[in-house]
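The values are calculated or read from the model by the stated rules, or taken from the named source; none is laboratory data. No experiment lies behind these values; they were computed from the predicted model shown. For accessibility, only protein heavy atoms count, side chains too; no ligands or nucleic acids. Shrake-Rupley method; radii C 1.70, N 1.55, O 1.52, S 1.80 Å.
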Amino acid sequence: MAKKVKASEMPNTLFINNPKVLGQLIKAKRTGIGIKLADCAALCGVGINTLSRIENGNANCTLSAVFAVLNGLGLQLSTKDLHDGTISSNAESEWV
């Protein structure tokens with residue numbers, strides 16, 4: 001009998017503001033649907049090591065690899081700014 005994939009917990013945060021949180025989200029999604037690392041990597045068109053580094057929060061992974069994984073798992077990044085059609089005028093989001 002094949003070894004069952006143990007579901008990981010979703011990150012406990014409101015925002016994806018660093019590679020570690022994004023990796024936790026990806027791992028939680030993958031394990032939540034019961035896909036092994038190797039199978040997910042093949043599905044997404046990335047190497048096993050690349051997927052592992054993304055899930056572990058390695059900041060040196062390419063954006064193309066990250067988006068290949070996000071798309072393969074049906075995850076999309078969004079921001080309220082895109083939904084409103086305007087750019088936020090918060091001081092925190094402005095260039096200084």
Set of lysines with alpha-carbon distance to Lys3 below 21 Å, sequence-local pairs under 8 removed: Lys27, Lys29, Lys36
Answer with a single label: of (i) 1.16; (ii) 1.05; (iii) 0.98, which was calculated as Rg/Rh (Cα atoms, Kirkwood Rh) from the structure in view? (ii)
Expressed as a percent, the accessible surface of the chain that is carbon or sulfur, using a 1.4 Å probe and the full set of protein chains, is 54
Using the Kyte-Doolittle scale, which helices in the chain average at least -0.5 and also have C-alpha atoms spread 15 Å or more along the helix axis, with helices defined as whole DSSP H runs? 19-32
With the 1.4 Å probe rolled over protein heavy atoms, the chain has an accessible area per residue in Å² of 76
